[in-house]
Amino acid sequence: MVIALAVLSACSDSDAETRVEIWLTTPDKSRLLEQVDSVSFRSGKSEQSEVIRVDDTIRYQQMDGFGAALTDSSAWLLANALDDERRDELMKLLFDREEGIGFSYLRLPMGASDFALQLYTYDDMPPGETDPELEHFSIEHDRQYMIPLLKQAMSINPDLKIMASPWSPPGRMKTSDSLIGGSLKPEAYEPFARYFVKFIQAYEAEGIPIDAITLQNEPHHVPADYPGMRMEAWEQALLIKEYLGPAFEENGINTKIVIWDHNWDEYYYPLSVLGDPDANPYIAGTAFHGYAGDVSSQSRVKEAYPDKDIYFTESSGGEWSTDFGGNLKWDLQNLIIGSTRHWARTVLKWNLALDEQHGPYLGGCRDCRGIVTIDRQTGEVVLNEEYYAFGHASKFVKSGAFRIESASSGNGNIETVAFVNPDGSLVLIALNASEDMREFQVNWRDQSFACSLPAGAAATMVWNLREE
């Protein structure tokens with residue numbers, strides 16, 4: 001504890017005008033997103049070997065935000081496992097930048113996922129009955145606890161944006177006639193497009209705009225015990241160009257249409273959808289998950305279609321990996337730094353909150369870990385490593401920020417990503433991915449400062465533009 005603080009206090013200091021505030025997390029948990037002594041830039045650049053050069057004149061993608069998924073299970077826990085005082089405290093820890101980590105983007109399942117209390121969609125009908133005009137469409141389920149929590153989160157962080165993703169349309173629209181398995185029936189393309197329209201309009205009427213939708217969560221994974229649906233690239237292109245895109249235009253809907261929403265390893269899928277000349281104009285970008293493949297796949301798609309955005313929308317921690325330092329390093333290296341350096345404008349984990357039994361869940365993962373754990377018996381809240389890893393970005397990088405140029409010293413050493421906020425403040429996130437203490441220099445404009453980071457530690461450094 002003393003050593004970590006002393007290391008950062010050893011950063012070169014001077015009477016220069018530009019001060020740098022620093023927040024630190026160490027793998028031994030002696031520092032958990034803790035603000036330590038600030039330092040100052042000094043005139044002149046360093047030419048030593050390990051130099052991090054930050055250039056705010058070179059800008060890349062604009063950021064929407066960092067966050068997680070407000071699943072049915074997460075929302076139910078927040079609403080029912082905590083008293084009002086504890087819930088308010090936790091919501092501030094999640095969404096307030098001063099008191100917490102300021103999450104600014106949430107992913108919302110459209111109906112049941114694997115983390116829900118029951119199977120449901122927004123237009124369920126008794127067996128054998130149909131509703132071709134969606135006259136029975138209703139978001140009443142979400143009014144119980146999902147919508148109140150979203151409104152509370154938006155009141156805490158007005159920058160909050162929401163992406164919605166279905167795990168399954170109503171069963172009658174599928175070849176399986178069930179929320180489990182199957183694919184979209186040919187005659188269901190038009191009503192499924194209207195299903196999206198009605199959802200967006202219903203949420204808009206509640207004062208909750210939907211920033212983006214994806215067509216199908218994990219379209220190449222068809223689970224046997226929770227909602228899912230197979231959807232090939234040609235099906236996504238067809239749905240977009242002939243039904244969803246025109247339906248959005250007809251109804252004046254500006255919600256972004258995002259494709260794929262699955263792992264890095266099958267980047268050929270979004271390339272195929274984007275390659276359809278009639279679907280392409282309606283598509284805002286591609287969403288990725290981090291369970292297979294490599295984050296560099298995001299850049300493959302971006303380079304092929306530079307006018308389309310990249311979103312990172314899901315990765316979960318779990319009891320298969322319980323080492324705090326290892327999990328901190330993986331999230332920083334692959335998601336906070338890796339995903340944004342490969343063009344992601346959102347970076348999201350999976351469940352916002354789960355209970356002490358890793359649920360409630362319908363199927364699928366039985367040992368997933370939420371951003372926070374809520375003990376249903378005691379009401380105790382545990383802030384997990386994902387909270388601190390993501391907090392290194394979400395607390396400081398504001399909606400509308402741009403990623404800027406920052407040169408890392410190399411994979412496995414000091415790895416970085418940098419941003420400039422709308423207010424002009426700069427944010428540098430650094431991870432010491434090596435096994436040893438590392439010293440490095442930060443050069444920015446005509447100034448520099450020297451610093452050290454313990455092995456496996458993460459630091460966020462924030463400073464304001466100096467008036468020339």
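Looking only at residues of region 279-308 that are under 16 Å from the mean Cα position of the chain (by Cα) and crowded, with 22+ Cβ neighbours inside 10 Å, we find that the one that is farthest from LEU244 (Cα to Cα) is GLY290.
Of all residues in region 241-276, those being more than 13 Å from TYR311 (Cβ to Cβ) and β-branched (Val, Ile, Thr) number 3.
Flag: SER399 matches the condition of being in a loop (DSSP other than H, G, I, E, B), within 22 Å of THR313 (Cα to Cα) and among the polar types (S, T, N, Q).
Within region 426-468, the set of residues being polar (S, T, N, Q), under 20 Å from GLU34 (Cα atoms) and open to solvent by 10 Å² or more (accessible area, probe 1.4 Å) comprises SER452, ASN464. Listed conditions (1) in a helix (DSSP H, G or I); (2) over 27 Å from the mean Cα position of the chain (by Cα) are all met by GLU135, apart from (1). The set of residues in region 65-93 that are of a type outside the set (Asp, Glu), closer than 19 Å to CYS365 by Cβ, assigned to a helix (DSSP H, G or I) and touching a helix residue (DSSP H, G or I) at 6+ places or on another chain (Cβ under 9 Å) comprises SER74, ALA75, TRP76.
Can SER408 be described as closer than 17 Å to GLN333 by Cα, out of contact with any Lys or Arg (no Cβ under 6 Å at 6 or more places or on another chain) and in a loop (DSSP other than H, G, I, E, B)?
Values: closer than 17 Å to GLN333 by Cα: yes; out of contact with any Lys or Arg (no Cβ under 6 Å at 6 or more places or on another chain): yes; in a loop (DSSP other than H, G, I, E, B): yes.
For SER408, the condition - closer than 17 Å to GLN333 by Cα, out of contact with any Lys or Arg (no Cβ under 6 Å at 6 or more places or on another chain) and in a loop (DSSP other than H, G, I, E, B) - is met.
Within region 19-38, residues that are more than 25 Å from GLN447 (Cβ to Cβ) and of a type in the set (D, E, K, R) have Cβ atoms under 8 Å from residues that are assigned to a loop (DSSP other than H, G, I, E, B) and open to solvent by less than 80 Å² (accessible area, probe 1.4 Å) in these pairs: ARG31/ALA457, counting only partners at least 6 apart in sequence or on another chain. Exactly one residue among ASP261, ASP265, ASP276 is more than 27 Å from ALA407 (Cα to Cα) and either open to solvent by 10 Å² or more (accessible area, probe 1.4 Å) or part of a loop (DSSP other than H, G, I, E, B) (or both), and that residue is ASP276. Would you please name the residue that is farthest from GLN357 (Cα to Cα), looking only at residues in region 90-113 that are open to solvent by 10 Å² or more (accessible area, probe 1.4 Å) and in contact (Cβ under 8 Å) with a residue 40 or more places away in the chain? Here the residue is ARG97.
Hey, could you check region 61-89 for residues that are over 14 Å from GLY370 (Cβ atoms) and in contact with a Lys or Arg (Cβ under 7 Å, 6 or more places away or on another chain) and say which is surrounded by the fewest Cβ atoms within 10 Å (Cβ to Cβ)?
Among residues in region 61-89 that are over 14 Å from GLY370 (Cβ atoms) and in contact with a Lys or Arg (Cβ under 7 Å, 6 or more places away or on another chain), the one surrounded by the fewest Cβ atoms within 10 Å (Cβ to Cβ) is GLN62.
With respect to being farther than 27 Å from VAL397 by Cβ, open to solvent by 70 Å² or more (accessible area, probe 1.4 Å) and either out of contact with any helix residue (DSSP H, G or I) (no Cβ under 9 Å at 6 or more places or on another chain) or among the hydrophobic types (A, V, I, L, M, F, W, C) (or both), LEU119 fits the description. Restricting ASP367, ASP423 to residues that are over 26 Å from SER30 (Cβ atoms), acidic (Asp, Glu) and touching a strand residue (DSSP E or B) at 6+ places or on another chain (Cβ under 6 Å) narrows the list to ASP367. Restricting region 356-365 to residues that are touching an Asp or Glu at 6+ places or on another chain (Cβ under 9 Å) and open to solvent by 10 Å² or more (accessible area, probe 1.4 Å) leaves a set whose member that is nearest to ASN334 (Cα to Cα) is CYS365. Given (1) among the aliphatic types (A, V, I, L, M); (2) touching a residue at least 12 places away in the same chain (Cβ under 8 Å); (3) touching a strand residue (DSSP E or B) at 6+ places or on another chain (Cβ under 9 Å), identify the lone condition not met by LEU362. With respect to (1) among the aliphatic types (A, V, I, L, M); (2) touching a residue at least 12 places away in the same chain (Cβ under 8 Å); (3) touching a strand residue (DSSP E or B) at 6+ places or on another chain (Cβ under 9 Å), LEU362 is out only on (3).
If you take the residues of region 376-419 that are acidic (Asp, Glu) and over 20 Å from GLY100 (Cβ atoms), which of them is least open to solvent (accessible area, probe 1.4 Å)? Ranking the qualifying residues of region 376-419, first place goes to GLU415. The set of residues in region 46-63 being in contact with an Asp or Glu (Cβ under 7 Å, 6 or more places away or on another chain) and not in a strand (DSSP E or B) consists of GLU50 alone. With respect to the stated conditions, SER315 is free of Cβ contacts under 8 Å to residues at least 40 places away in the same chain, more than 23 Å from ALA237 (Cβ to Cβ) and surrounded by fewer than 22 Cβ atoms within 10 Å (Cβ to Cβ).
The values are calculated or read from the model by the stated rules, or taken from the named source; none is laboratory data. Predicted, not measured: the structure shown is a model, and the values here were computed from it. Don't worry about glycine lacking a Cβ; one is built from the backbone with ideal geometry, like all the others, and counts go over all protein chains shown. Note: accessible area is taken over every heavy atom of the protein model, side chains too, but ligands, DNA and RNA are not part of it. Shrake-Rupley method; radii C 1.70, N 1.55, O 1.52, S 1.80 Å.
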